[in-house]
Amino acid sequence: MIHPDAIPSLVFADLKGNIADFSGLNMAGMSGGQFFQPTPEDLIPLPEGSELFVLPGRFPIGFTPDTGEALLLEESPFHRGAPVQAVAAFMSPAHTAIFNSAYQTHDAHAPRLPLFAYTAVGWHQGRFWASAFRSDPDKRQDSCQFDQAVIRRKTKKKLKEFSDNRLVQHLGKCCLTYGCPAARNYFLDRWEAPLPTSPVCNARCVGCISLQPAGSCSASQDRIQFVPTAQEIAAVAVPHLQRAEHAIVSFGQGCEGEPLLQAQTIAQAIRLIRKKTSSGTINLNSNASLPQAVALLAEAGLDSLRVSLNSAQEIYHSRYYRPVGFNLEDVKESIGAMKRDHRFVSLNYFIQPGVTDSPEEFAAFSELVETCRPDLIQLRNLNMDPEWYLQTLHFQPSQKPLGMRTWLRKVQQKFPALRLGYFNPFLD
Ligand code: SF4
């Protein structure tokens, strides 16, 4: 992996969003609300397909190269009195953050940041560097894999072919309007395809990407408004599982609530699918709230379950999920239901530097892995304003975080058989 030969400079933006670098300050990173200077090993070239965001009402923070002192940049170093804004990188899929962008909110009326991950970024030797590592070699969502003209042509053709299938029509919007990589891969007949089913959920996650209360930030996509029939689901899944390379179909998408609330329909669909093909992997992404529903689906033929989890500590899990009628023990019981049926289980572990790698969280995470024995940890960045997330958890760090690279090394040493990645695996 390429690393810079020196600490990159801080980058900032003017009020028009023009981004500049300032060599008078080194870039900084934020972890659990504390500021750190990244080392070259913490930095990679900004991955292709990533985006740069300007953070309104937030001043950037950097470190003085000589003394290593953390400093707030309140005005442009090039135009006296000109206001500045912090900058962050929203990295392309398969990359996990080591540090968040270092900023301080100075405007009490600053807008809430939308539901993305805000990774630290700097400038050096003519390029941007992000504080991250590639967590999965799989290229299924790399931006270079997507040709918009081909996508549009193939999507239009399938929308006509399946004009009476509401689920295909819904995925058409996900593909052409939201640019969902999973929906695109469905219309391109390859890899992992989405099967959203549930308009409702039994949690009220603070950072829910499909439903946000009025006055909060906007949800990233609208929720599906109907429950597809088992026949509509099978009509999408069977041809994909039969034809696609490394075929996976996944219930539980960003454009829906909780699929376990539609377990009867999904179980019927899985039985229909497996009557027609034994190919590929049938996966379900879920908050794993209902162990009995999970047992029903495992019995019906579900191959893998991906459990979304912000923390292995009950208090932080409940402060984020705001669950209705379930708790972390139910989640663990759901994992047990899959493992008893010898099925595959992933944890979709929301990475938040400073929280994930806090010693208390590492201890709780290790205990959950020891007792529940998941097969894979997906290292996905939590798409939420870090300051808002820490407030939501009432997060008061009692110790310095381990550091995400140290955390990764300790996980690999403690659980050598545990797979680490980013995507749902094809189980052949
Ligand atoms: S479990 Fe999923 S759909 Fe439900 S509130 Fe949380 S993020 Fe939203």
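Worth pointing out:
- Residues in region 52-92 that are surrounded by fewer than 16 Cβ atoms within 10 Å (Cβ to Cβ) and of a type in the set (Val, Ile, Thr): 64, 67.
- Qualifying residue in region 372-390 (condition: without any contact (Cβ under 8 Å) to a residue 24 or more places away in the chain, open to solvent by 10 Å² or more (accessible area, probe 1.4 Å) and over 28 Å from residue 236 (Cβ atoms)): no
- Evaluation of residue 136 against (1) among the charged types (D, E, K, R); (2) without any contact (Cβ under 8 Å) to a residue 24 or more places away in the chain; (3) not in a helix (DSSP H, G or I) (one fails), failing number: (2)
- Condition check for residue 189 on (1) away from the ligand (no atom under 16 Å from the Cβ); (2) over 25 Å from residue 281 (Cβ atoms): one failure, at (2).
- First in region 243-261 and more than 9 Å from the ligand (Cβ to nearest atom), second anywhere and part of a loop (DSSP other than H, G, I, E, B) and of a type in the set (Lys, Arg), Cβ under 9 Å, 6 or more apart: 243/190; 244/190; 245/190; 246/140; 246/190; 247/190; 255/223
- Residues located in region 31-45, provided they are open to solvent by 40 Å² or more (accessible area, probe 1.4 Å) and touching a strand residue (DSSP E or B) at 6+ places or on another chain (Cβ under 7 Å): 35, 36, 37
- For beta carbons closer than 6 Å, sequence separation of 6+ or different chains, a first residue in region 394-414 that is surrounded by 19 or more Cβ atoms within 10 Å (Cβ to Cβ) and a second that is not small (Gly, Ala, Ser), the qualifying pairs are 401/357; 402/357; 404/98; 404/353; 404/357; 407/357.
- Residues within region 343-377 that are at positive phi and under 18 Å from the mean Cα position of the chain (by Cα), tallied: 1
- Residue list for region 377-411, filter: charged (D, E, K, R) and within 20 Å of residue 87 (Cβ to Cβ): 385, 387
- Of the residues making up region 218-237, one or more are within 26 Å of residue 392 (Cα to Cα), of a type in the set (A, V, I, L, M, F, W, C) and within 16 Å of the ligand (Cβ to nearest atom).
- Test: residue 186 is assigned to a helix (DSSP H, G or I), among the hydroxyl-bearing types (Ser, Thr, Tyr) and at negative phi: yes
- Within region 207-224, residues that are assigned by TED's automatic domain parsing to the domain that holds residue 387 and touching a residue at least 24 places away in the same chain (Cβ under 8 Å) sit with their Cβ atoms under 9 Å from residues that are charged (D, E, K, R) and within 9 Å of the ligand (Cβ to nearest atom), at 6+ positions apart or across chains, in these pairs: 210/223; 210/256; 211/204; 211/223; 223/256; 224/256.
- Residue match in region 112-126 (condition: over 17 Å from the mean Cα position of the chain (by Cα) and without any contact (Cβ under 8 Å) to a residue 40 or more places away in the chain): yes
- Residues satisfying the stated conditions in region 74-96, i.e. more than 13 Å from residue 19 (Cβ to Cβ) and aliphatic (A, V, I, L, M): 82, 91, 94
- Close pairs (8 angstrom Cβ cut-off, 6 or more residues apart or separate chains): within 21 Å of residue 272 (Cα to Cα) and assigned by TED's automatic domain parsing to the domain that holds residue 349 in region 289-307, surrounded by fewer than 24 Cβ atoms within 10 Å (Cβ to Cβ) and aromatic (Phe, Trp, Tyr) anywhere: 303/344; 304/344; 305/344
- In the condition set (1) more than 16 Å from the ligand (Cβ to nearest atom); (2) more than 24 Å from residue 383 (Cα to Cα); (3) surrounded by fewer than 23 Cβ atoms within 10 Å (Cβ to Cβ), residue 179 is compliant with all but (2).
The values are calculated or read from the model by the stated rules, or taken from the named source; none is laboratory data. All figures in this text were calculated on a predicted structure; none of them were measured in a lab. As a convention, Cβ positions derive from the backbone with ideal geometry for all residues, glycine included, and neighbour counts pool all protein chains shown. The protein model used for the area step is the full one, side chains on, heavy atoms only, and it has no ligands, DNA or RNA in it. Shrake-Rupley method; radii C 1.70, N 1.55, O 1.52, S 1.80 Å.
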